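Heads up, the thing below is written out as structure tokens.
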Amino acid sequence: MNRQEAEQLAERIRIEAPPSILVIGIEPFGPATNPFLATDYFVKCACRIPSIPFAVKSFEHWEDLKHHVLLRLCKWVYERLSR
């Protein structure tokens, strides 16, 4: 995923994700640690309360993660602790 697609994905996650999920930023993916040399990127996210980091590598990956136990767990913990 190129940088522009990663920015679009990050915006989509910000819109669709529950408040328990934070978009931390866009990181280079692969051996290039310098963002100017990287060709692939991913969106770095985390659960707000238990601080569990995870990466989203594509739009399809985000669609799969929306139904994953990790996001349900983040939402459940956030709801319980934010009361």
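The values are calculated or read from the model by the stated rules, or taken from the named source; none is laboratory data. Because the structure is a prediction, the values reported are computed rather than measured. Here the Cβ is made from the backbone with ideal geometry for all residues, glycine too, and neighbour counts use every protein chain on show.
Filter the range 4-60 for residues that are of a type in the set (Asp, Glu) and either more than 18 Å from Arg72 (Cβ to Cβ) or modelled with pLDDT of 95 or more (or both) and give the result.
Glu5, Glu7, Glu11, Glu27, Asp40, Glu60
On the basis of being more than 11 Å from the chain's Cα centre (by Cα) and of a type in the set (Ser, Thr, Tyr), does Ser82 make the cut?
In short, yes.
Restricting attention to the range 41-61, which residues are of a type in the set (D, E, K, R) and either buried (at least 16 other Cβ atoms within 10 Å of the Cβ) or within 10 Å of Leu22 (Cα to Cα) (or both)?
Matches in the range 41-61: Lys44, Arg48, Lys57.
I'm trying to understand the selection: among the residues of the range 1-40, which are aromatic (Phe, Trp, Tyr) and either surrounded by 12 or more Cβ atoms within 10 Å (Cβ to Cβ) or within 18 Å of Leu81 (Cβ to Cβ) (or both)?
Phe29
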